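Trainee: Please find one structure pasted underneath; my questions will follow.
The values are calculated or read from the model by the stated rules, or taken from the named source; none is laboratory data. Everything numeric here is computed off the predicted structure, so don't read it as measured data. Counting neighbours? That spans all protein chains shown, and the Cβs are built from the backbone with ideal geometry, glycine included.
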Ligand SMILES: [Mg+2]
């Protein structure tokens, strides 16, 4: 929560937390109970969180400038995290995909909406409980890793949870089964509500939000949403790194999810124009979706980050305030 001087609530420095402790913080509202800090974190540099689709790549093709920019930032010891609302694949899959493109990444640098959903449910005591899914293999893998028992498509067993994300093989029979589960008392969880995803050739495909809307329409139940623009994914990353929000930068292509959610936590934000939100749309974005900076592509990220980092180093150990002014959107 901002102080009168525009900074973030002061809390004592803390050591990086374990995974279980990090997950516990998901329970807390964004501005209460969460251990936001404004002292220098353990990371030497800014923590950089990048959306994937439309930022790092489109489909199977890296966006121009992405590979050299991210390699440069890695070599300079910035902590990179890759955050996607796409629920269809596991973290392991995305790490392998990035590596194939020439961007070295470990699975623990990847945060998917399925992973965050697994963390969210695990933190609420869901280990060992049952879940029925509308989603693909990666969702089932992440939910199983979180300790849930994933029921088969044709199950007659009543589930404790129904989790819904993008499912490119969704059938009416499974939608009807999910309907029965929610009407039977299962908690309805959406990994995300993205209407579409960008793919190669400037095309888009219907996203997880389309499946969520179908089930919400049928059941009359609004789900709990876990992915962007809800703040759970970023809070997980901040907890794991020990970084304060102003020590972290979100780079996204979709203002109403990537920028909105990161701004809610007080993170720095950069919008790239290689994905969903177009340059001509930026001036008309609501204030809560306005990025700090607009970049044509990731090619412009290293000089921006270096400038911000230099300003951050100069300010240490002074009073943390907004740093870096170059290229701010909307003046
Ligand atoms: Mg995107």
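Trainee: From 121, 151, which residue is free of Cβ contacts under 8 Å to residues at least 24 places away in the same chain and buried (at least 18 other Cβ atoms within 10 Å of the Cβ)?
Mentor: Working: 121 fails: free of Cβ contacts under 8 Å to residues at least 24 places away in the same chain.
Unique residue meeting the criteria: 151.
Trainee: Okay, next question. Could you look through segment 57-92, keep only residues that are within 9 Å of the ligand (Cβ to nearest atom) and in a loop (DSSP other than H, G, I, E, B), and pick out the one that is nearest to residue 243 (Cα to Cα)?
Mentor: Of everything passing the filter in segment 57-92, 85 is nearest to residue 243 (Cα to Cα).
Trainee: Give 305, 276, 282, 294 a once-over and let me know the one that is in the same structural domain as residue 248 (by TED's automatic domain parsing), part of a helix (DSSP H, G or I) and within 16 Å of the ligand (Cβ to nearest atom).
Mentor: Details: 305 fails: within 16 Å of the ligand (Cβ to nearest atom); 276 fails: part of a helix (DSSP H, G or I); 294 fails: part of a helix (DSSP H, G or I).
The conditions single out 282.
Trainee: Would you call residue 270 over 20 Å from residue 73 (Cα atoms) and either within 15 Å of the ligand (Cβ to nearest atom) or surrounded by fewer than 20 Cβ atoms within 10 Å (Cβ to Cβ) (or both)?
Mentor: Numbers: over 20 Å from residue 73 (Cα atoms): no; either within 15 Å of the ligand (Cβ to nearest atom) or surrounded by fewer than 20 Cβ atoms within 10 Å (Cβ to Cβ) (or both): yes.
No: the conditions fail for residue 270.
Trainee: Which pairs turn up if I take residues in segment 47-74 that are in the same structural domain as residue 270 (by TED's automatic domain parsing) and within 12 Å of residue 300 (Cβ to Cβ) and look for partners that are away from the ligand (no atom under 11 Å from the Cβ) and part of a loop (DSSP other than H, G, I, E, B) with beta carbon separation below 6 Å, at least 6 apart in sequence or on another chain?
Mentor: What qualifies is 63/297; 64/297; 65/297.
Trainee: Search segment 246-258 for residues being at pLDDT 95 or above and under 19 Å from residue 312 (Cβ atoms), and hand back the single one that is farthest from the ligand (Cβ to nearest atom).
Mentor: 248
Trainee: Would you point out which residue out of 322, 279, 326 is farther than 25 Å from residue 225 by Cβ, at pLDDT 95 or above and surrounded by fewer than 17 Cβ atoms within 10 Å (Cβ to Cβ)?
Mentor: Criteria check complete, one pass: 279.
Trainee: Continuing with this model, one more query. Give segment 281-303 a look and list any residue that's closer than 19 Å to residue 49 by Cα and over 20 Å from the mean Cα position of the chain (by Cα), or say none. Lay out the reasoning, then the answer.
Mentor: Residues of segment 281-303 closer than 19 Å to residue 49 by Cα: 288-303.
Those that are closer than 19 Å to residue 49 by Cα and over 20 Å from the mean Cα position of the chain (by Cα): 296, 299, 300, 302, 303.
Trainee: Kindly list the number of the only condition in (1) in the same structural domain as residue 163 (by TED's automatic domain parsing); (2) free of Cβ contacts under 8 Å to residues at least 60 places away in the same chain that fails for residue 215.
Mentor: (2)
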